[in-house]
Amino acid sequence: MTRYALAFLVLISGVTLFLGYANKARCTGPEFDQFGRSQPDYKERIDGDVCYSDIQHLWLGRDIDQHVFPYLSGGITEDGQLVGGVVEYPVLSGLLIWAGALFASNDAQFLLGSALVMAPFGLLTAWLLGQLARWRALVWALGPPIVLYAFHNWDLPVVACAVAAVYVLQRGWGRAGPDRPLIDRAVAASVLLGLGFAFKVYPGIFVLPLMLYVLSGGYRGRELPADVAARGSRWDVVGTIKVALAAMVTVVAVNLPFAVLGYEGWLASFEFQGNRFVDVTTNSIWYWGFRPWSNNDNAGFQGAMDVISPAAVLLSFVLACWLGWRRMQRDGTFPWIQVSAAMLCGFLLLHKVHSPQYALWLLPFFVLLRIRWEWIAAYFVADLAIGIGIFRWLYITNQGLPSTIYDGFAPQALMIGVWGRAALLVALFFVFLAARSTVDHEVPPRARRPRRGAAPSMSG
């Protein structure tokens, strides 16, 4: 893709991001109370006008409005409330939240500050996807989830980390670019995935398929280190360990200062997520599929979900890796991007929390993998149904209006979204595993076989 085409793509992405900000800014102002909360009728507007965002909402309740530096002085109360600047996200997201609030005195300014901090990550993602997949990156730049969720929560930086990991593995960096040894590119990708984990956890799951890609020697096994090949070995065990260690060291290095300086506050963010109930705010199949047993006061059900949900997620990871391994035995290359996408589908489907903005996590895989456009369109429709339906349903429920599936569009759209999305995630799990990536044709130069009649490369 030419420089001008990339600039145009990034410009389009910027316009879509602005629309995403404007969509959420509808809920702000025009007046504010003494705490900086938008008035009038904030609680009715955020659901009724479908412009709710976690960013604006969490201005109050986490000491964000007091500009408290996160984690160092806080903790969690006996009733599960976070206090003293602690937020329910990993530490890099906490720093991002603090930075977005630095010059804010009300929730509108906090939304704007957070958007300004995060928008460059959205633009970077567009640039990276454009480099990797050319015009297919328009799926990101023009994707409806960008308008709906770009500034719903703090997810653009973590998506940028995940996409950057794919980029450095495929393209490398500097003058050497993709000519760098596989292990160097894979370690750099693993570091980026570790940073993503410190933003929002999910990129950490992609380290496992990346390890299997390195273990099997990269593209068609041609990128095994010379010493491994000289021993007649098929597997790069040492390289695989290096990839795992790179991610772990990155996660520890980022978290250690907070754990040392404010252990209780640092731990509280994990305790909050671990104690979270399966309820209407989690919006998962576990809540909607087990009504009315999924009430908060059903301790037996909630305890069972603490075991069943993570176990099901792990089983989906194992299945994805196993099917990827079988494809590697057939095609010669472990499909780490495809397996990563399938693992994400398993996580989104089976985890006890499925927040609306998680659609942003999946969006780059629609760019990086060659799947039929019908699948993408169907997912966008289901996501739009749930993105609008859930908030309209909450509005009519809070207003005491009839809210069963027989009573109107909002509950019907919600159910179409919940179960349509669930069915699509099951299907996409297998569709992704069978797909070719948009970078399959870009074999790293070190993995290319010499042309017939050409002298072998001295680089090996």
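The values are calculated or read from the model by the stated rules, or taken from the named source; none is laboratory data. Because the structure is a prediction, the values reported are computed rather than measured. Here the Cβ positions follow ideal geometry from the backbone for every residue, glycine too, while neighbour counts run over all protein chains shown. Ligands, DNA and RNA are stripped out before the accessible areas are found, and what is left, the full protein with its side chains, is counted by its heavy atoms. Shrake-Rupley method; radii C 1.70, N 1.55, O 1.52, S 1.80 Å.
If I go through the range 154-186 residue by residue, how many of them are of a type outside the set (A, V, I, L, M), more than 23 Å from Y89 (Cβ to Cβ) and not in a helix (DSSP H, G or I)?
Taking the range 154-186 first, the residues of a type outside the set (A, V, I, L, M) are 154-155, 157, 161, 167, 170-175, 177-181, 184-185.
Retained after the next criterion (residues that are more than 23 Å from Y89 (Cβ to Cβ)): 167, 170-175, 177-181, 184-185.
Add one more test, that the residue is not in a helix (DSSP H, G or I), and what stays is 172-175, 177-181.
So the answer is 9.
Given the conditions (1) free of Cβ contacts under 8 Å to residues at least 40 places away in the same chain; (2) open to solvent by 10 Å² or more (accessible area, probe 1.4 Å), report the number of the one that A160 does not fulfil.
Among (1) free of Cβ contacts under 8 Å to residues at least 40 places away in the same chain; (2) open to solvent by 10 Å² or more (accessible area, probe 1.4 Å), A160 violates only (2).
Looking only at the range 35-68, which residues are in a loop (DSSP other than H, G, I, E, B) and within 20 Å of I386 (Cα to Cα)?
To start, the set of residues in the range 35-68 that are in a loop (DSSP other than H, G, I, E, B) comprises 35-37, 40-41, 49-53, 58-68.
Result: D49, V50, C51, Y52, S53.
Check A176, A188, A226 and return the single one that is without any contact (Cβ under 8 Å) to a residue 60 or more places away in the chain and farther than 30 Å from S269 by Cβ. Please lay out each step first, then the result.
Working: A188 fails: farther than 30 Å from S269 by Cβ; A226 fails: without any contact (Cβ under 8 Å) to a residue 60 or more places away in the chain.
Result: A176 is the single residue among A176, A188, A226 that is without any contact (Cβ under 8 Å) to a residue 60 or more places away in the chain and farther than 30 Å from S269 by Cβ.
Restricting attention to the range 82-107, report how many residues are assigned to a helix (DSSP H, G or I) and either modelled with pLDDT under 90 or open to solvent by 10 Å² or more (accessible area, probe 1.4 Å) (or both).
Here is the first cut: in the range 82-107, the ones assigned to a helix (DSSP H, G or I) are 91-101, 107.
Right, trim to either modelled with pLDDT under 90 or open to solvent by 10 Å² or more (accessible area, probe 1.4 Å) (or both) and you get 92, 95-96, 98-99.
Matching residues across the range 82-107 total 5.
For L192, all conditions in the list (1) of a type outside the set (F, W, Y); (2) over 30 Å from W98 (Cα atoms); (3) in a helix (DSSP H, G or I) hold save one; what is the number of the exception?
The single condition L192 does not satisfy is (2).
Suppose we filter G143, G130, G174 for residues that are among the small types (G, A, S), out of contact with any Cys (no Cβ under 6 Å at 6 or more places or on another chain), open to solvent by 20 Å² or more (accessible area, probe 1.4 Å) and farther than 30 Å from F32 by Cα; which single one remains? Steps first, answer last, please.
On the way: G143 fails: open to solvent by 20 Å² or more (accessible area, probe 1.4 Å); G130 fails: open to solvent by 20 Å² or more (accessible area, probe 1.4 Å).
Of the residues listed, the single one that is among the small types (G, A, S), out of contact with any Cys (no Cβ under 6 Å at 6 or more places or on another chain), open to solvent by 20 Å² or more (accessible area, probe 1.4 Å) and farther than 30 Å from F32 by Cα is G174.
Can you name every residue in the range 48-81 that is buried (at least 21 other Cβ atoms within 10 Å of the Cβ), farther than 15 Å from Q357 by Cβ and of a type outside the set (V, I, T)?
The answer is W59, R62, P70, Y71, G74.
Of everything in the range 337-360, what is within 28 Å of V280 (Cβ to Cβ), part of a helix (DSSP H, G or I) and open to solvent by 10 Å² or more (accessible area, probe 1.4 Å)? Give them in sequence order.
F347, L349, L350, P356, Y358
On the basis of being surrounded by 14 or more Cβ atoms within 10 Å (Cβ to Cβ), among the aromatic types (F, W, Y), in a loop (DSSP other than H, G, I, E, B) and in contact (Cβ under 8 Å) with a residue 24 or more places away in the chain, does Y21 make the cut?
Numbers: surrounded by 14 or more Cβ atoms within 10 Å (Cβ to Cβ): yes; among the aromatic types (F, W, Y): yes; in a loop (DSSP other than H, G, I, E, B): no; in contact (Cβ under 8 Å) with a residue 24 or more places away in the chain: yes.
Answer is no for this residue.
Only one residue in V207, V214 is farther than 13 Å from A162 by Cα, part of a helix (DSSP H, G or I) and either open to solvent by less than 40 Å² (accessible area, probe 1.4 Å) or among the aromatic types (F, W, Y) (or both). Which one? Lay out the reasoning, then the answer.
Details: V207 fails: farther than 13 Å from A162 by Cα.
Residue meeting the stated conditions: V214.
Just give me the residues in the range 24-47 being without any contact (Cβ under 8 Å) to a residue 12 or more places away in the chain and open to solvent by 70 Å² or more (accessible area, probe 1.4 Å), in sequence order.
Pass one, the range 24-47, residues without any contact (Cβ under 8 Å) to a residue 12 or more places away in the chain: 30-31, 33-34, 39-41.
Scanning the range 24-47 gives P30, E31, Q34, D41.
Could you run through the range 228-280 and say how many residues are within 30 Å of Q81 (Cβ to Cβ), part of a loop (DSSP other than H, G, I, E, B) and open to solvent by less than 70 Å² (accessible area, probe 1.4 Å)?
Here the count works out to 5.
Tell me, yes or no, whether the range 331-354 has at least one residue that is within 22 Å of the chain's Cα centre (by Cα), modelled with pLDDT under 95 and polar (S, T, N, Q).
No, the range 331-354 has no match at all.
If you take the residues in the range 389-418 that are within 18 Å of V353 (Cα to Cα) and in contact (Cβ under 8 Å) with a residue 60 or more places away in the chain, which one is nearest to the chain's Cα centre (by Cα)?
For the range 389-418, the residue satisfying everything is V418.
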